[in-house]
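Enquirer: Once you've had a glance at the structure underneath, I'll fire off some questions.
The values are calculated or read from the model by the stated rules, or taken from the named source; none is laboratory data. Being a predicted model, the structure only gives us computed values, none of them experimental. Note: ideal-geometry Cβ built from the backbone for every residue, glycine included; neighbour counts use all protein chains shown.
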Amino acid sequence: MITDNNNNNIPPHTTNELPDSKKQLTEENTTTSDPASNPVATISEQPNHNNGNAKQIIDENTAINHNDEVIDMTVDYEEEEEDDDDDEEEEDDDDDDDEDLDEDIQITGQQQVAVGKNSKNTYPLANDFNHLASKLMKPIPDYPVKDDAHYVWEIKDWNAILKEDKVRSPRFKCGDFEWNILLFPRGNTHNNMISIYMEPHPPLDEHEKPLDENWYVCAQFGLDIWNPQHPDAHLPSQSHHRFSKNETDWGFSSLIEARQLSSVKNPRNQSTTHAILENNQLNITGYVRVIDDSSTGVLWHSLIDYDSKKNAKLVYEIPTDSKSSDVALSLQKIFYLLSSSNDPVGTLELTKSFGWDSSDAFTQHDVQELNRILMDKLETAMKGSSIEGALNDIFVGKMKSYIKCVNVPYESSRVEDFWDIQLNVRGFKNLEQSFQNYIEIEMLEGENKYQAGDEHGYQDAKKGVVFESFPPVLHLQLKRFEYDFMVDDLVKIDDFYEFPDKIDLKPYLDEDLPDDVKNQNWNYKLHGVLVHQGSISNGHYYAMIKPNSHDNTWLRFDDDKVWKVTDTQVFQENYGAADLTQTQLSQMTRAEQQDHMVRRVTSAYMLVYYREVDLEKILPHDDKIINSAIPEHIPKQIAFEIEEHDRLEKARQEALYYTNAKLITTSTFNGQVGFDLALDPTNAKFYDEEWENTACDPTSLKVKKDSKFSSFIEEVGTNFNLNGTDFRLGAVCHRNNQTTRLDVPVSDQWKTATVMDVYFKVFNRKYDELLFYVEELNKDIKNLIQLVDIEEIEPKDFTFEKVFSTIESVGGKTSDVMKFENTDEYSNNLTIFIKYFDPISQEIRGLSHITVAKSDKVGSIVAPVKKLLGFKDDVEVELFEEVSPSKIDKIDIELTFDKHELSSGDIITFQVANPSLLNPSGTFRDAKSYYQFMYSRVHINVRPFKAEIDEEDSDYLAEETNGKDNVVDEDYIVVDEKNDAAAVDDDDKITNEEIQIAKKLSKTFSLWISSEYNYQDLASKIAAHLNCDPSYLRLFILNAQGARYPVRSSHHMSQFFPKVVPANSIIDFEYEILNIPLKDYENLKAVKVHWLSTLLQYQVFEVLVPKNGTIRDVVVKLLHKVNVAEKDLPHIFIWSGVKHKYYELFKFDTPLKVLDETIDLYCGVFPAEVEILTKHDMYKRFVDKEINPDDIDEPGKEEYVVAKQTSDSLNILPAFHFNRKSDIHHSH
């Protein structure tokens, strides 16, 4: 098992990339003294190598350098705390050794390879250091070796080592770094699996600090545990890593069970006759090869460099603003961040602009699908702008599909645009063969001849595809994924498939193109390779991009990391690999097998080529032109978002070390108009956000968690300008009855504790807050009445402002007899809070506190409180205890505080006797009714509702703007013609609409009501705001989805509201002002009528008519909603149907009580029908007047004339009634 010494979990993509290694995420920062033994060290040097596999040397996870413009591949930005207890997922099976195994089995990806029964991969002897080093650390292509060394750690007493948790070998030097072996003899999770790691130490300065704070070193390493007497008995393992300040060790967390060291039957022991551990002794050799990565150490971090700069400029030129939420703005922000930010850039905003939710964003999408969505969105955004269609100039080519006859001059062809080309991979060796396959000609001959029209008939023909042109940026999709009918699923094609750095596409152009087109330079250079690593169901994606036209630098983009790569990594490592036989695999070492399997599942699936002649346009050297196109709002918006992110991050960091302490003062208590002492966010029912940052909101101080509580007390004094002896803090706690009350004052022993110690000892952790009352000695009511001259007033002249002014006027003065009394739970004193209900202002507010003895009668506080209020002694008062929001108890002043079971922190509310006499019109008659309202109150928002013309109540609105063009008078004959002058142009319509919206908003208001109101209470409250008669008010309540429900006069609000409605919730109501009382309106019957303008067109209306009315009443109301000329009134025809069949003719004097819910009414102007029916005395006209045929409009006039002439000889038959639904039969 390859891992770090902390066994941390590794991101899945890292596991997929390096099957033989795992990425360490923590820094091992503890030290242990070296063993007492004196090991023998052997250091050797080997010559540099210029070949190798980059995958085996450079960890694919890089980070961002502190330099604003570069990334150092060797600096990891992830800083995690060490956690030696974390379990890490198992990946490499180097540690999966069991003495009972008969075969050495390697599992890589989805394949299982048997290396051979009882066979072992042959390694050189453990003391053949040079050969073993070359076996463990193979050369890496394109990466020279800077230095290599090995070191032998001799352990003379293994049993002594087993007693240690962690042991380090002496250090040895390699590549300017010192190295040591880090050994956990019983495992770093104490699972008796040996854990062993390699650990580097960077060069230090004179202060023992690293010379380079962001140090790193890239190295291959091997670790070999072996028998000193029998070097054929050894256990070699190898890995590679980029070590850094955040990843200071790397190795194997579960190398082998400790007990297996003494066993010969260990399938990974290279000896068949001796155990690794004999005579309590063993050696451990550490091999290190430091790689010189200077050619790949510095990276430019800018997607504008990585992709087509011309495309980036186009994206910047798309018109956007800071309020947009489309793809263009998201991409502009991403491009700008990639060119200016050192942090990885997220794409969530971009995927949201696609319309994807979180599940879509984390679903694996095909790159062609993603590219097409992106291009479609950008094309839409460019429409109507100066750059409309510009994307086509970059990414779109043309291809021609044709069928060309061989023997006659006939050709059928179609030229189409393409954004990308999909090329077959299976059965082809390289890109050129796939292109040939794409344009391959299919012969249509024999029975498959082509029909070339009447002139030529069936002919032999060639069918194929050729290209008319290729775009400057060419996307080639390699069909690595295809459907396999044998397994009925998608499969990945891992076959070996080459693609070139440069390709000439001239051979694939249409031969019939003009010579000036064909003779152009159609060479294309590879600038992008998209890679998939893994299986069809589990894989990892990354990209290789060449950002510049003037050099051959390639960069790898892997999630949020970028680093430089070599040509070998771009080409050879992404060709895929041939499928080997079991025999071929069995001849490989385990490392070679793994390397083959990685190559096998790693392959390019999309290539991006740039046309050679357009390179300077696609990737210009000068970025000034691109930067000049950046919209001004992009940097501003990004700066704002960064500031907001930094602010939130700062708050998050401070939350780790700081906490907020809230402080209630007498002034806070004065501002409180609800329950308890102050605004309380922990009580959702009574917490109203509108009161935030007002006088009733406690003061908040940020305090360090580990600071002394005495320091906090000093800070409170400084904040409120109080001397240390003039105040004390009391803990305010949340009681079980949903109230917040003062509990106990701060004791001296608290002062030496930390703030968090006090929190854990005193407060309920459920609420995550410290809440204190600042008890000011000078504001005790007993002190106030001694030191302040208070003017006597009548209760009707009382104002809270006068009392609050009196309280503040005491300043810092304190009577000589005043002192803080002990009000602990078992003391004889209490601190009581006093409130007063003022019937004039209809409010209850807090006054101050008073300290009393438990044995005192409650009546003892009456005189001091009345004096503070300014009342004379003869003013009678009543007292109530605010036990809880739902329980307000009257107090007998003759009983003691103890008898009333009053405790410190309780609240007593005063009111004058019979307060309603002072304000007979007041909403609240006394303190209890005020409390009851505060307990049941609900916040509502009220706005006007305007019925549309086809709604049932539109005729009964008091306002005149109901959209009616015609009004029928009491004789049912009056008609108002439309006023043509009312027509206005479009601009006037917009203006009028804005005016109507403004009028509607001006009639919108919010207020508090009680859930105990009946309809009359609610209507009266709303009507008072509207200055209208409540009996004419019709109300609707809206649910959270906006559905509207009428409120009837018999309703009670408790039928709509739950028992507990949070104060922050706002319930929406709408109102109409009727022209009749609501109770009369509720006595109306709703009748649905189909108005037929023709037999094929109709509109449904609902009208309200008296329940004891007639059909004539229905027609009258209907005429309020439809446009019927006066001359057409005699021809109004109404009849009924049931289930779209004719049912009955209705005369206008027919009572409505004969209608049931199954009958549908149909009405319209039908002159011929009315004439025939009246002639046969089957119908009466709506308006009885002489008919002039010239007044009837065509085509009804012609039908009327015929009907009048032939009415005596007609037979009348019932017929199916008209219905527009196609699935219902109808006739006339």
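Enquirer: Report, by residue number, each residue of segment 643-682 that is assigned to a helix (DSSP H, G or I) and closer than 12 Å to residue 773 by Cα.
Expert: First pass over segment 643-682, keeping only residues assigned to a helix (DSSP H, G or I): 643-657, 666-671.
Residues satisfying the conditions are 666, 667, 668, 669.
Enquirer: Inspect segment 1135-1143 for any residue being closer than 30 Å to residue 1196 by Cβ, modelled with pLDDT under 85 and small (Gly, Ala, Ser) and give the result as yes or no.
Expert: Checked against the condition, which is being closer than 30 Å to residue 1196 by Cβ, modelled with pLDDT under 85 and small (Gly, Ala, Ser), segment 1135-1143 yields no hits at all.
Enquirer: For the subset of segment 820-835 comprising residues that are outside any strand (DSSP E or B) and aromatic (Phe, Trp, Tyr), which member is surrounded by the fewest Cβ atoms within 10 Å (Cβ to Cβ)?
Expert: At the first step, the residues of segment 820-835 found to be outside any strand (DSSP E or B) are 820-828.
Still in the list and also aromatic (Phe, Trp, Tyr): 820, 826.
Working: 820: 16, 826: 5.
Here the residue is 826.
Enquirer: Which residues, counting only those in segment 439-462, are crowded, with 16+ Cβ neighbours inside 10 Å and either at positive phi or in contact with a Leu (Cβ under 6 Å, 6 or more places away or on another chain) (or both)?
Expert: Listed by number, the residues that qualify are 450, 461.
Enquirer: I need the full set of residues from segment 721-779 which are under 37 Å from the mean Cα position of the chain (by Cα) and without any contact (Cβ under 8 Å) to a residue 40 or more places away in the chain, in order please.
Expert: 733, 735, 736, 760, 763, 764, 765, 766, 768
Enquirer: Within segment 745-760, track down each residue that is touching a helix residue (DSSP H, G or I) at 6+ places or on another chain (Cβ under 8 Å) and either in a loop (DSSP other than H, G, I, E, B) or not hydroxyl-bearing (Ser, Thr, Tyr) (or both). Can you show your working first?
Expert: Taking segment 745-760 as the starting set, the residues that turn out to be touching a helix residue (DSSP H, G or I) at 6+ places or on another chain (Cβ under 8 Å) are 746, 750-755, 757-758.
If the condition is that a residue be touching a helix residue (DSSP H, G or I) at 6+ places or on another chain (Cβ under 8 Å) and either in a loop (DSSP other than H, G, I, E, B) or not hydroxyl-bearing (Ser, Thr, Tyr) (or both), then 746, 750, 751, 753, 755, 757, 758 are the ones that fit.
Enquirer: For a quick check of your reading: which helices (runs of 4 or more DSSP H) sit entirely within segment 353-448 and have at least 3 residues that are outside the structural domain of residue 492 (by TED's automatic domain parsing), farther than 26 Å from residue 466 by Cβ and at pLDDT below 90?
Expert: Details: elements: 358-361, 367-382, 390-395, 431-438.
Once the helices (runs of 4 or more DSSP H) in segment 353-448 are filtered for at least 3 residues that are outside the structural domain of residue 492 (by TED's automatic domain parsing), farther than 26 Å from residue 466 by Cβ and at pLDDT below 90, what remains is 358-361, 367-382.
Enquirer: Exactly one of (1) exposed (fewer than 13 other Cβ atoms within 10 Å of the Cβ); (2) touching a Leu at 6+ places or on another chain (Cβ under 8 Å); (3) among the hydroxyl-bearing types (Ser, Thr, Tyr) is unmet by residue 1136. Its number?
Expert: (1)
Enquirer: Residues being crowded, with 17+ Cβ neighbours inside 10 Å and within 18 Å of residue 763 (Cα to Cα): count how many of those fall in segment 709-729.
Expert: Summing the residues that are crowded, with 17+ Cβ neighbours inside 10 Å and within 18 Å of residue 763 (Cα to Cα) in segment 709-729 gives 5.
Enquirer: Quick check on residue 855: is it among the small types (Gly, Ala, Ser), crowded, with 16+ Cβ neighbours inside 10 Å and more than 20 Å from residue 790 (Cβ to Cβ)?
Expert: Working: among the small types (Gly, Ala, Ser): yes; crowded, with 16+ Cβ neighbours inside 10 Å: no; more than 20 Å from residue 790 (Cβ to Cβ): yes.
It is false that residue 855 is among the small types (Gly, Ala, Ser), crowded, with 16+ Cβ neighbours inside 10 Å and more than 20 Å from residue 790 (Cβ to Cβ).
Enquirer: In segment 1007-1046, what count of residues is obtained for those that are surrounded by fewer than 15 Cβ atoms within 10 Å (Cβ to Cβ), under 38 Å from the mean Cα position of the chain (by Cα) and among the small types (Gly, Ala, Ser)?
Expert: 3
Enquirer: Still on this model: Considering only residues that are assigned to a loop (DSSP other than H, G, I, E, B) and out of contact with any helix residue (DSSP H, G or I) (no Cβ under 9 Å at 6 or more places or on another chain), look in segment 688-702 and name the one that is surrounded by the most Cβ atoms within 10 Å (Cβ to Cβ). Reasoning before the result, please.
Expert: Step one: list which residues in segment 688-702 are assigned to a loop (DSSP other than H, G, I, E, B), which gives 688, 692-698.
With the extra rule that they be out of contact with any helix residue (DSSP H, G or I) (no Cβ under 9 Å at 6 or more places or on another chain), the set shrinks to 688, 692-693.
Working: 688: 17, 692: 11, 693: 9.
Applying the filter and picking the extreme gives 688.
Enquirer: If you don't mind, there's one more thing I want to ask. Out of everything in segment 274-311 that is of a type in the set (Gly, Ala, Ser) and at pLDDT below 70, what residue ends up being surrounded by the most Cβ atoms within 10 Å (Cβ to Cβ)? Even if it seems obvious, please write down each step before you answer.
Expert: If we filter segment 274-311 for residues that are of a type in the set (Gly, Ala, Ser), which is where we start, we get 275, 286, 294-295, 297, 302, 308.
So of that shortlist, the ones also at pLDDT below 70 come out as 294-295, 297, 302, 308.
On the way: 294: 9, 295: 12, 297: 19, 302: 20, 308: 22.
Ranking the qualifying residues of segment 274-311, first place goes to 308.
Enquirer: Name every residue in segment 703-731 that is outside any loop (DSSP other than H, G, I, E, B) and farther than 27 Å from residue 811 by Cα, in order of residue number. Talk me through it step by step, then tell me what you get.
Expert: To start, the set of residues in segment 703-731 that are outside any loop (DSSP other than H, G, I, E, B) comprises 703-704, 708-720, 727-731.
703, 704, 708, listed by residue number.
Enquirer: Among residues belonging to segment 626-642 that are touching a Phe, Trp or Tyr at 6+ places or on another chain (Cβ under 8 Å) and part of a helix (DSSP H, G or I), point out the one that is farthest from residue 330 (Cα to Cα).
Expert: Of all residues in segment 626-642, those touching a Phe, Trp or Tyr at 6+ places or on another chain (Cβ under 8 Å) come to 626, 629-631, 634-635, 638.
Next, only the ones that are part of a helix (DSSP H, G or I) stay: 626, 634-635, 638.
On the way: 626: 17, 634: 10, 635: 13, 638: 11 Å.
In this case the residue turns out to be 626.
Enquirer: Looking at 200, 170, 210, which one is modelled with pLDDT of 95 or more and either out of contact with any strand residue (DSSP E or B) (no Cβ under 7 Å at 6 or more places or on another chain) or more than 20 Å from residue 239 (Cα to Cα) (or both)? Break it down into steps so the answer makes sense when it comes.
Expert: Working: 200 fails: either out of contact with any strand residue (DSSP E or B) (no Cβ under 7 Å at 6 or more places or on another chain) or more than 20 Å from residue 239 (Cα to Cα) (or both); 210 fails: modelled with pLDDT of 95 or more.
Testing whether each residue is modelled with pLDDT of 95 or more and either out of contact with any strand residue (DSSP E or B) (no Cβ under 7 Å at 6 or more places or on another chain) or more than 20 Å from residue 239 (Cα to Cα) (or both) leaves just 170.
Enquirer: Within the bounds of segment 540-555, is there any residue that is over 19 Å from residue 610 (Cβ atoms), among the small types (Gly, Ala, Ser) and under 34 Å from the mean Cα position of the chain (by Cα)? Steps first, please.
Expert: Here is the first cut: in segment 540-555, the residues over 19 Å from residue 610 (Cβ atoms) are 540-542.
Within this subset, residues satisfying the condition of being among the small types (Gly, Ala, Ser) are none.
Checking segment 540-555: not a single residue is over 19 Å from residue 610 (Cβ atoms), among the small types (Gly, Ala, Ser) and under 34 Å from the mean Cα position of the chain (by Cα).
Enquirer: Moving on to the next point. Considering 525, 564, which residue is part of a strand (DSSP E or B), closer than 22 Å to residue 475 by Cβ and not aliphatic (A, V, I, L, M)?
Expert: Numbers: 564 fails: closer than 22 Å to residue 475 by Cβ.
Only one candidate passes the filter, namely 525.
Enquirer: Which one is surrounded by the most Cβ atoms within 10 Å (Cβ to Cβ) among residues in segment 1095-1122 that are within 18 Å of residue 1195 (Cα to Cα) and within 53 Å of the chain's Cα centre (by Cα)? If you could, list the steps in order and put the result at the bottom.
Expert: Filtering segment 1095-1122 down to residues within 18 Å of residue 1195 (Cα to Cα) leaves 1095-1098.
The next check asks that each one be within 53 Å of the chain's Cα centre (by Cα); those that pass are 1096-1098.
Values: 1096: 8, 1097: 11, 1098: 18.
Ranking the candidates gives 1098 first.
Let's see how each residue does on (1) buried (at least 17 other Cβ atoms within 10 Å of the Cβ); (2) touching a Pro at 6+ places or on another chain (Cβ under 7 Å); (3) under 20 Å from residue 882 (Cβ atoms):
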| residue | (1), (2), (3) |
| --- | --- |
| 731 | yes, no, yes |
| 736 | no, no, yes |
| 741 | yes, no, yes |
| 745 | yes, no, no |
| 749 | no, no, no |
| 756 | no, no, no |
| 759 | yes, no, no |
| 766 | no, no, no |
| 770 | yes, no, no |
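Enquirer: Show me the strands (runs of 3 or more DSSP E) found entirely inside segment 881-947 where at least 2 residues are in contact (Cβ under 8 Å) with a residue 60 or more places away in the chain and more than 15 Å from residue 844 (Cβ to Cβ). If you could, list the steps in order and put the result at the bottom.
Expert: Working: elements: 887-890, 907-912, 937-944.
Passing ranges, in order: 937-944.
Enquirer: Just checking, which of 748, 743, 780, 768 is over 19 Å from residue 664 (Cβ atoms) and among the acidic types (Asp, Glu)? Spell out the reasoning first.
Expert: Numbers: 743 fails: over 19 Å from residue 664 (Cβ atoms); 780 fails: over 19 Å from residue 664 (Cβ atoms); 768 fails: over 19 Å from residue 664 (Cβ atoms).
Of 748, 743, 780, 768, the one residue that is over 19 Å from residue 664 (Cβ atoms) and among the acidic types (Asp, Glu) is 748.
Enquirer: Would you confirm whether any residue within segment 224-233 is touching a Lys or Arg at 6+ places or on another chain (Cβ under 9 Å) and in contact (Cβ under 8 Å) with a residue 12 or more places away in the chain? If you could, list the steps in order and put the result at the bottom.
Expert: Narrowing segment 224-233 to residues touching a Lys or Arg at 6+ places or on another chain (Cβ under 9 Å): none.
No: segment 224-233 contains no residue that is touching a Lys or Arg at 6+ places or on another chain (Cβ under 9 Å) and in contact (Cβ under 8 Å) with a residue 12 or more places away in the chain.
Enquirer: Just one of (1) under 22 Å from residue 434 (Cβ atoms); (2) assigned to a helix (DSSP H, G or I) trips up residue 607, so point out which.
Expert: (2)
Enquirer: Separate question: Which members of segment 370-396 meet the condition of being among the polar types (S, T, N, Q) and under 15 Å from residue 317 (Cα atoms)? Break it down into steps so the answer makes sense when it comes.
Expert: As a first pass, look at segment 370-396 and keep what is among the polar types (S, T, N, Q): 371, 380, 385-386, 392.
Across segment 370-396, the qualifying residues are 380, 385, 386.
Enquirer: Separate question: For residue 850, are the conditions met, namely being in the same structural domain as residue 795 (by TED's automatic domain parsing), out of contact with any Pro (no Cβ under 7 Å at 6 or more places or on another chain), crowded, with 21+ Cβ neighbours inside 10 Å and touching a residue at least 40 places away in the same chain (Cβ under 8 Å)? It would help to see each step written out before you state the result.
Expert: On the way: in the same structural domain as residue 795 (by TED's automatic domain parsing): yes; out of contact with any Pro (no Cβ under 7 Å at 6 or more places or on another chain): no; crowded, with 21+ Cβ neighbours inside 10 Å: yes; touching a residue at least 40 places away in the same chain (Cβ under 8 Å): yes.
Here the answer is no, as residue 850 does not meet what is asked.
Enquirer: I've got another one for you. Just to be sure before I move on: is residue 837 at pLDDT 95 or above, more than 15 Å from residue 902 (Cβ to Cβ) and outside the structural domain of residue 724 (by TED's automatic domain parsing) in the structure I sent?
Expert: Details: at pLDDT 95 or above: yes; more than 15 Å from residue 902 (Cβ to Cβ): yes; outside the structural domain of residue 724 (by TED's automatic domain parsing): yes.
When the stated conditions are applied, residue 837 passes them.
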